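Colleague: Below is one structure. I have some questions about it.
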Amino acid sequence: MKEINCQLLVIGSGPGGYVCAIRAGQLGVDTIIADAAPAGGTCLNVGCIPSKALIHAAQEFHNLLAIAQGESPLGITAAPPSIDLSGTVDWKDSIVKRLNQGVGSLLKKSGVTVLPGEARFVDGKTVVVRAGGQEQKVHADNVVIATGSEPVALSALPFGGRVVSSTGALALREVPGRLVVVGAGYIGLELGTAYAMLGSRVTVVEASQQILPQYDAALVQPVMNRLKTLGITVMLDTTALGMNDSGTGLRVQVSDGAPQEVLADCVLVAVGRRPNTESWGREELVLDMNGPFVQVDGQCKTNMRGIYAIGDVTGEPMLAHRAMAQGEMVAELVAGQKRNWGSRVIPAVCFTDPEIVSVGLSEKQAAEQSIQTVSGQFSFRANGRAMTTARNDGFVRVVARADNQLVLGIHAVGVGISELSSAFSLALEMGARLDDIADTIAAHPTRSEGLAEAAMHALGRALHQ
Ligand code: FAD
Ligand code: NAD
């Protein structure tokens with residue numbers, strides 16, 4: 001067996017792992033990254049990027065269809081469009097391939113050695129990487145576990161055939177006539193909405209009393225309204241119990257107390273993701289765990305010296321940008337720099353229609369910490385730019401401390417609002433107060449005027465409402 005030494009071994013080349021390796025390489029750390037899958041992990045191959053490509057194609061198709069059906073107020077007419085989902089999937093795959101290659105080039109440029117293969121700890125400083133019957137033993141001063149997460153399966157609806165996870169839903173070559181989505185979280189609603197726009201008759205089955213239960217009710221209401229407009233049936237407080245294949249279609253059994261059946265051609269199960277903690281020889285280590293996740297401190301250190309963990313394997317929120325930021329921090333720590341996670345703001349964006357952005361605390365979360373707040377809100381109904389795009393649903397809300405007006409949270413729902421998420425995060429990272437935001441001149445006409453208007457509203461001096 002070939003043996004090699006390095007200062008840093010990164011296990012997993014998702015957004016956490018590859019960013020960590022690139023930064024370490026840039027800082028002159030002798031770095032190896034191991035992964036059996038193409039570079040980019042869940043996010044790039046079967047997550048963030050392909051899902052947004054599908055959502056974009058679906059929105060384009062739906063807009064053309066609305067125009068063709070005379071539903072557009074813009075005075076435009078067009079012939080009914082058609083969709084070749086296979087072509088869409090090929091386009092999406094070409095983007096993924098380009099990004100795989102891009103990550104590969106960045107790793108190479110930073111002097112990182114890429115070891116294709118599955119990694120397994122032998123002990124805290126030794127890892128064996130296996131690929132195609134070949135094995136390499138890596139002795140590393142530091143190891144970063146960045147093994148990500150995988151979809152949770154339901155025993156009543158195991159994956160296989162026409163029961164798919166998000167990965168399967170992103171690779172369908174035909175638009176299913178009837179799609180049942182189990183779980184109205186991020187994946188269920190992003191992909192369920194996309195398929196409804198592509199022409200599927202979609203039913204969403206959600207165990208909680210609200211779609212996107214992690215967001216407050218006011219934020220999800222515009223999304224709920226839009227699901228209705230798109231003809232999506234939402235069954236709340238309902239769980240999926242099982243399924244029969246009748247030959248002509250799937251009969252999905254659900255219950256909200258009373259059992260019912262929903263017919264489907266395809267079932268997407270999107271009930272959460274769980275950390276990958278089993279494939280890499282955890283049993284050879286003595287790692288402290290935090291429930292199902294690897295426990296880390298504010299520097300992503302585990303309880304074992306020289307072993308770090310980053311990204312989805314370390315807990316919520318399971319988001320690519322959190323994994324990347326952790327990866328960058330760990331690389332700098334390994335290179336001897338002083339870094340700490342501190343109170344970094346992690347924006348959450350749901351790419352539904354309209355999109356939702358949430359940064360920092362909600363009023364309810366602040367109240368749970370006994371913080372008194374003031375808040376201001378601005379509806380896009382009064383925003384000129386929103387009107388010119390024929391979609392003025394949604395709003396921006398700013399939450400601040402009542403005593404010193406320090407901004408604690410910014411939450412918004414609206415078309416294209418994801419692009420404002422970095423402005424929201426920046427305001428919180430910079431310790432903005434309400435008047436900092438209210439007195440920042442926003443370009444007109446843009447949706448970003450809504451942020452200043454919401455702050456003005458909180459200060460009792462709203463202009464446009
Ligand atoms: P991952 O990206 O999961 O990468 C882990 C890597 O480790 C994989 O490549 C795997 O092959 C490798 N690995 C595992 N075990 C081993 C082993 N033993 N040896 C070697 N390699 C191993 N997040 C967002 O922020 N925005 C979004 O819009 C978004 N959309 C999403 C859409 C979908 C459909 C899905 C499924 C997820 C989405 N996410 C999104 C979540 C995002 O993909 C994850 O948070 C992110 O990929 C986590 O990065 P990671 O580096 O921790 O792990
Ligand atoms: P999720 O946690 O967002 O939503 C799962 C939903 O399924 C919840 O609403 C839950 O109440 C419901 N549920 C659970 N068990 C159920 C059952 N038996 N029957 C009916 N409903 C049930 O999980 P997800 O949508 O699978 O996404 C996984 C993770 O991936 C997310 O938490 C997020 O971290 C990440 N992600 C992020 C984005 C983004 O940032 N835009 C997009 C997609 C995925």
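Colleague: Which whole-angstrom value gives the distance between the alpha carbon centres of segment 266-315 and segment 41-115?
Modeller: Between the Cα centre of segment 266-315 and that of segment 41-115, the gap is 30 Å.
Colleague: Once a ≥ b ≥ c are taken as the square roots of the eigenvalues of the Cα gyration tensor of the chain, is the result rounded (a/c under 1.5), prolate (a/b larger than b/c) or oblate (a/b not larger than b/c)? Spell out each step's value before the answer.
Modeller: Numbers: a/c = 1.78, a/b = 1.22, b/c = 1.46.
Here the chain falls in the oblate category.
Colleague: What is the sum of charges, Lys and Arg at +1 and Asp and Glu at -1, for the other residues whose Cβ falls under 15 Å from the Cβ of Arg273? List each step's numbers first, then the result.
Modeller: Working: positive: Arg274, Arg322; negative: Glu150, Glu190, Glu278, Asp312, Glu316.
With Lys, Arg at +1 and Asp, Glu at -1, the neighbours total -3.
Colleague: Where in segment 418-447 does the amide nitrogen come within less than 20 Å of the point 7 Å from the Cα of Gln337, taken along Cα to Cβ?
Modeller: Inside the label zone: 426, 429-430.
Colleague: Now a separate question. Measure of size requested: the Rg and Dmax of segment 99-236, with Cα atoms as the atom set and Å as the unit; please supply both.
Modeller: 21.1, 58
Colleague: Excluding residues on the same chain fewer than 8 positions from Lys364, give the aspartates and glutamates whose Cα lies under 12 Å from its Cα.
Modeller: Asp216
Colleague: A further question follows. Once you put a point 7 Å from the Cα of Arg98 and another 7 Å from the Cα of His139, both along the Cβ direction, what distance in nm separates them?
Modeller: 4.4 nm
Colleague: Taking the simple approach of a point 7 Å from Cα along Cα-to-Cβ for both Arg344 and Gln209, what is their distance in nm?
Modeller: That separation, rounded to one decimal, is 3.6 nm.
Colleague: Taking R0 as 45 Å, what FRET efficiency do you get between Ala218 and Glu3 from their Cβ-Cβ distance, rounded to the nearest 0.05? Walk me through the intermediate numbers first.
Modeller: Values: r = 59 Å, r/R0 = 1.31.
For Ala218 and Glu3, the calculated efficiency is 0.15.
Colleague: If I stretch the segment between Gln59 and Ser246 completely, what's the gain in nm (0.36 nm per residue apart, minus their alpha carbon distance), one decimal? Before the final figure, lay out the partial values.
Modeller: Numbers: separation 187, 0.36 × 187 = 67.32 nm, distance 3.25 nm.
Full extension of this stretch gives 64.1 nm more.
Colleague: Counting only the backbone N, which residues of segment 355-382 are under 11 Å from the spot 7 Å out from the Cα of Gln465 toward its beta-carbon?
Modeller: Label zone hits: 375-382.
Colleague: If you don't mind, another one. Work out, step by step, the length gained on full extension between Ala78 and Ser155: first 0.36 nm times the residue separation, then minus their alpha carbon distance; give nm to one decimal. Walk me through the numbers before you get to the answer.
Modeller: Numbers: separation 77, 0.36 × 77 = 27.72 nm, distance 4.63 nm.
The Ala78-Ser155 span can extend by a further 23.1 nm.
Colleague: List the trypsin sites (Lys or Arg not before Pro) within segment 358-465 that fall in a DSSP loop (any state other than H, G, I, E or B) and whose Cβ has at most 16 other Cβ atoms within 10 Å.
Modeller: Working: sites: Lys364, Arg381, Arg385, Arg391, Arg397, Arg401, Arg433, Arg447, Arg461; in loops: Arg391, Arg447, Arg461.
Those that pass, being in a loop and sparsely packed, are Arg391, Arg461.
Colleague: Continuing with this model, one more query. Rounded if a/c is under 1.5, else prolate if a/b beats b/c, else oblate: with a ≥ b ≥ c from the C-alpha gyration tensor eigenvalues square-rooted, which is segment 185-266? Intermediate values should be presented prior to the final figure.
Modeller: Details: a/c = 2.44, a/b = 1.39, b/c = 1.76.
It comes out oblate by the Cα gyration axes.
Colleague: Taking every pair of alpha-carbon atoms in segment 183-336, give the share separated by more than 27 Å as a whole percent. Each step should come with its number before you reach the end.
Modeller: Working: 5088 of 11781 pairs.
Cα-Cα pairs in segment 183-336 separated by more than 27 Å: 43 percent.
Colleague: How much length would be gained if the chain were fully extended between Lys52 and Glu71, taking 0.36 nm per residue of separation minus their Cα-Cα distance, in nm to one decimal? Mind dumping the intermediate values first?
Modeller: Values: separation 19, 0.36 × 19 = 6.84 nm, distance 2.48 nm.
Extra length available between Lys52 and Glu71 comes to 4.4 nm.
Colleague: In addition: If the cut-off is a Cα-Cα distance under 17 Å, which lysines reach Lys2, setting aside same-chain residues fewer than 8 apart in sequence?
Modeller: Result set, ordered by chain and number: Lys125, Lys137.
Colleague: Determine the percent antiparallel among the DSSP beta bridges restricted to the chain, to the nearest 5. Don't skip to the answer; put the middle values down first.
Modeller: Numbers: 54 of 88 bridges.
Among the beta bridges of the chain, antiparallel pairing accounts for roughly 60 percent.
Colleague: Using R₀ = 35 Å, calculate the FRET efficiency as 1/(1 + (r/R₀)^6) where r is the Cβ-Cβ separation of Met289 and Asp237; round to 0.05. Please list the in-between numbers first.
Modeller: Details: r = 32 Å, r/R0 = 0.92.
FRET efficiency, Met289 to Asp237: 0.65.
Colleague: Cβ under 15 Å from Phe424's Cβ, Phe424 left aside: what net charge do those residues give with Lys, Arg +1 and Asp, Glu -1?
Modeller: Numbers: positive: Arg344, Arg397, Arg433, Arg447; negative: Glu355, Glu419, Glu429, Asp436, Glu449, Glu453.
Counting the neighbours of Phe424, the net charge comes to -2.
Colleague: Counting every Cα pair in segment 358-400, what percent are over 13 Å apart? Spell out each step's value before the answer.
Modeller: Details: 534 of 903 pairs.
Roughly 59 percent, once rounded to a whole number.
Colleague: Okay, moving on. Measuring from label point to label point, each 7 Å out along Cα→Cβ, what is the Glu261 to Ser86 span in nm?
Modeller: Taking the simple label geometry, Glu261 and Ser86 are separated by 3.2 nm.
Colleague: What net charge is computed for the residues neighbouring Ala366, neighbours being all others with C-beta under 14 Å from the C-beta of Ala366, Lys and Arg scored +1, Asp and Glu -1? Please list the in-between numbers first.
Modeller: Values: positive: Lys364, Arg397, Arg401; negative: Asp216, Glu363, Glu368, Asp403.
Local net charge: -1.
Colleague: Then there's this: Taking a Cβ-Cβ separation under 4.7 Å as the criterion for a possible partner, which cysteines of the chain have none?
Modeller: Cys6, Cys20, Cys266, Cys300, Cys350
No value in this document is a laboratory result; all are computed from the given coordinates. Since this is a predicted model, take the numbers as computed values, not measurements. Counting neighbours? That spans all protein chains shown, and the Cβs are built from the backbone with ideal geometry, glycine included.
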